[in-house]
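A short write-up of the structure that comes next.
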Amino acid sequence: MDAIDAKILSLLQDDGRASMTELAAKVGLSLSACHRRFRELEASGVIRGFGVEIDLERLGLPFEAVVFVTIDTVDGTSIATFESAVAALPNVMQAHRLFGEPDYQLYVATESKAQFQQLYDEQLSQLPGVRRLNSTLVMKTVVPPRAPIDSLPARRRTRHG
């Protein structure tokens, strides 16, 4: 990956619907060269797909919380069981396994404080192996999900072959 690939990725993060013609013009490549690089980024797995950024508030889920979970036992079976149960909860928008303690960070969105409390009491606290839950409310999103393209180490930004 070089600086041009990084620029293509950065532009796509800003506007995933940008046409190949627009991308080529912005990075200073011919259309065919830009398309070739795009296909290489897809083939290498750097670009895994495209998604939609959803406004949760407009969707009716304005109450957002981060829930930290500590589980009792950290072994292959308990991890798989917990992760499978978390993945089945539709109000869990993201889940990350963490190093150290707590073991997991869940990003949850609900219709209201009352619905969050019900989810917390009836589902999150009942997940297999949960020892402790700790939650905090999201005030606002300052940086939406993105990849740190501009901070890639120089050695990763050099094209080979």
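Under 27 Å from the Cα of Lys7, which lysines turn up, not counting those fewer than eight places away in the same chain?
Leaving aside lysines fewer than 8 places away in the same chain, those within reach of Lys7 are Lys26.
Using a 1.4 angstrom probe on heavy atoms only, work out the carbon and sulfur share of the accessible area of the range 1-46 in %.
Its accessible area is 51 percent carbon and sulfur atoms.
Determine the per residue accessible area of the range 52-161 with all protein chains present and a 1.4 angstrom probe, expressed in square angstrom.
Here the per-residue accessible area is 70 Å².
I need the semi-axes of the equivalent ellipsoid of the range 46-103: take the C-alpha gyration tensor, multiply each eigenvalue by 5, square-root it, list largest first in whole angstrom.
26, 16, 11
Subtracting the Cα-Cα distance from 0.36 nm times the residue separation, let me have the gained length for Ala3 to Glu111 in nm, one decimal.
34.6 nm
Provide the FRET efficiency to the nearest 0.05 for the Gln94-Ala43 pair, computing r from the beta carbons and using R0 = 35 Å.
0.85
Loop-only check: which chymotrypsin sites (Phe, Trp or Tyr not before Pro) in the range 5-105 are DSSP coil with at most 11 other Cβ within 10 angstrom?
Sparse-neighbourhood loop chymotrypsin sites (Phe, Trp or Tyr not before Pro): Phe50, Phe99.
What three numbers, in Å, describe the spread of the alpha carbons of the range 111-151 along their principal axes, ordered from the longest?
Principal-axis extents of the range 111-151 (Cα, largest first): 42, 26, 14 Å.
Taking 2.2 N^0.38 Å as the expected size of a compact globular protein, what ratio does the Cα radius of gyration of the chain give against it, to two decimals?
In units of the globular-protein estimate, the chain measures up at 1.33.
From Cα pairs below 8 angstrom and at least 6 apart in sequence, can you work out the relative contact order of the chain, rounded to a whole percent?
Computed value for the chain: 31 percent relative contact order.
Excluding ligands and nucleic acids, what accessible area in Å² is computed for Lys7 using a 1.4 Å probe, to the nearest 10?
It works out to around 100 Å².
So, R0 is 35 Å and r is the distance between the beta-carbons of Asp15 and Gln126; what FRET efficiency does that work out to, to 0.05?
0.25
The values are calculated or read from the model by the stated rules, or taken from the named source; none is laboratory data. What you see is a predicted model; the values in this text were computed from it and never measured. Neighbour counts are summed over all protein chains in view; Cβ atoms, including those assigned to glycine, are modelled from backbone coordinates with ideal geometry. Surface accessibility is based on the protein's heavy atoms, side chains included, excluding ligands, DNA and RNA. Shrake-Rupley method; radii C 1.70, N 1.55, O 1.52, S 1.80 Å.
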